[in-house]
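Before any comments, here is the structure.
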Amino acid sequence: MSVVLQNSCGWVLDSRLLINRGYQRCIGWKESKKLHFSCSFKKQCFQILKSYCSPSSTADVEGGHEHDDVLQKNKRPKKRKRKHSKLNQGEIDIKIFHEKIRPFIVEGTKSLVDSAQSIGYLDGERDTLMEALPSQECSLVALCEMAKELPLVEDEQKMWTQSLVTGESCASHVDLFSQVTENKQDWAVVVPLMGEEYVIPPNAAFLLSDFTRLQPLVQCGRRFDLIVIDPPWENKSVKRSRRYSFLPSSQLKRLPIPSLASHDCLVVTWVTNRPSHLRFVHDELYPHWGVQVLADWFWVKVTTSGEYVFPIDSQHKKPYEILVLGRYCSADASRKPSEIPKIEDKCVI
């Protein structure tokens, strides 16, 4: 992420600035001719102008909270009165957890938004672009399902990596499933895959695979200083919409983190706002991998005007997510856990 500013509460981040920086120099080929150009993401992809506030996503909150109007300028719509069923234990846990962290979220977000607006950032809709974005599905995503049906790669395989660029041309054949695909160039590369064109960042590598088929990544011999995990957590919204397949929490233990992490590797896991998921990461998942929990960070999503993208007290969706930071310590490490630098809990926008 690109850091716009920081203070004692956290950081204001702009992912578009960082992404575009990696695509200032691009190469591609047309009719065997090498082309040089630059790319940038359309501003509309990151342009959230208003809070997603609807009758179904707005909650009535008993009792006033200080700072309720700090980031919530939209008027709450009226909704039909209906009988409220009793909360189940999971919903009770979520409510207790939210009330516990709410003051921290509100205070940290207010401080960061105020600081951003003082330098002309998060200043609203002055440069609004209304052009509609084309609707286009990424066909590569569907191929991950196909990977589940492929046979496991033999351990005797000699080549675990492949390069996108060979000499002065793009590789004519790319095996997406059984090898780690690399762009070793200092510039982005546009490559044709499955009938579409894709821009691969500079000095990047990827493995298109189901998580049960990570053998090429393990066998290529690399160790990483940072591992970020965004699991498809099971939740009611995903079940209803069927947008993607979810993964039972217990299956995450199968990820070969000890085989991929360097000593002192920073492991970051995105977690939903369900306390049961957070407890699982803290008490089961990280200890299983040999990862020591360092801190919980909160990613708070705001509009271009600095408002929460969802009402802070919505019962259905919250404007924040949790990142659990941990440090991997190998069994033969000479460095004691007490020597690991402390990371403070932060609020990240």
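The values are calculated or read from the model by the stated rules, or taken from the named source; none is laboratory data. Note that the structure is predicted; figures quoted are calculated from it, not measured. When we count neighbours, we look across all protein chains shown, and the Cβ atoms used for this are built from the backbone with ideal geometry, even at glycine.
Scanning the stretch 173-197 for residues that are surrounded by 16 or more Cβ atoms within 10 Å (Cβ to Cβ) and under 17 Å from Y23 (Cβ atoms) gives N183, Q185, W187, A188, V189, V190, V191.
Of all the listed residues (I229, I200), the sole one being touching a residue at least 40 places away in the same chain (Cβ under 8 Å) and either surrounded by 16 or more Cβ atoms within 10 Å (Cβ to Cβ) or in contact with a helix residue (DSSP H, G or I) (Cβ under 9 Å, 6 or more places away or on another chain) (or both) is I229.
Yes/no per residue for (1) closer than 20 Å to A261 by Cβ; (2) touching an Asp or Glu at 6+ places or on another chain (Cβ under 7 Å):
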site	(1), (2)
A188	no, no
P202	no, yes
A205	yes, yes
D210	no, no
L214	yes, no
C220	yes, no
R223	yes, no
L226	yes, no
W233	no, no
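Remark: pairs (first residue in the stretch 250-270, loosely packed, with under 14 Cβ neighbours inside 10 Å; second residue modelled with pLDDT of 95 or more and of a type outside the set (A, V, I, L, M, F, W, C); Cβ separation under 7 Å; 6+ apart in sequence or on different chains) = K253/H288. Condition first: at pLDDT 90 or above, closer than 30 Å to C347 by Cβ, surrounded by fewer than 16 Cβ atoms within 10 Å (Cβ to Cβ) and among the small types (G, A, S). Can you find one or more residues in the stretch 124-143 that meet it? Checking the stretch 124-143: not a single residue is at pLDDT 90 or above, closer than 30 Å to C347 by Cβ, surrounded by fewer than 16 Cβ atoms within 10 Å (Cβ to Cβ) and among the small types (G, A, S). Return the residue satisfying two criteria in turn: it lies in the stretch 65-92 and is out of contact with any Lys or Arg (no Cβ under 8 Å at 6 or more places or on another chain) and either modelled with pLDDT of 90 or more or in a helix (DSSP H, G or I) (or both), and of such residues it is nearest to F310 (Cα to Cα). So, considering only residues that are out of contact with any Lys or Arg (no Cβ under 8 Å at 6 or more places or on another chain) and either modelled with pLDDT of 90 or more or in a helix (DSSP H, G or I) (or both), the one nearest to F310 (Cα to Cα) is E91. Taking the criterion of being of a type in the set (S, T, Y) and in contact with a strand residue (DSSP E or B) (Cβ under 7 Å, 6 or more places away or on another chain), the only residue of the stretch 273-302 that qualifies is Y286. Determine if the stretch 157-166 includes at least one residue that is surrounded by 13 or more Cβ atoms within 10 Å (Cβ to Cβ), touching a Cys at 6+ places or on another chain (Cβ under 6 Å) and either within 30 Å of V281 (Cβ to Cβ) or modelled with pLDDT of 80 or more (or both). Yes.
Out of curiosity, is H282 farther than 19 Å from K100 by Cβ and surrounded by fewer than 19 Cβ atoms within 10 Å (Cβ to Cβ)?
Considered against the rule, which asks whether it is farther than 19 Å from K100 by Cβ and surrounded by fewer than 19 Cβ atoms within 10 Å (Cβ to Cβ), H282 comes out as no.
Restricting the stretch 7-22 to residues that are over 20 Å from the mean Cα position of the chain (by Cα) and surrounded by 12 or more Cβ atoms within 10 Å (Cβ to Cβ), the residue that is nearest to E344 (Cα to Cα) is C9. Residues in the stretch 209-218 that are crowded, with 19+ Cβ neighbours inside 10 Å and modelled with pLDDT under 85: 2 in all.
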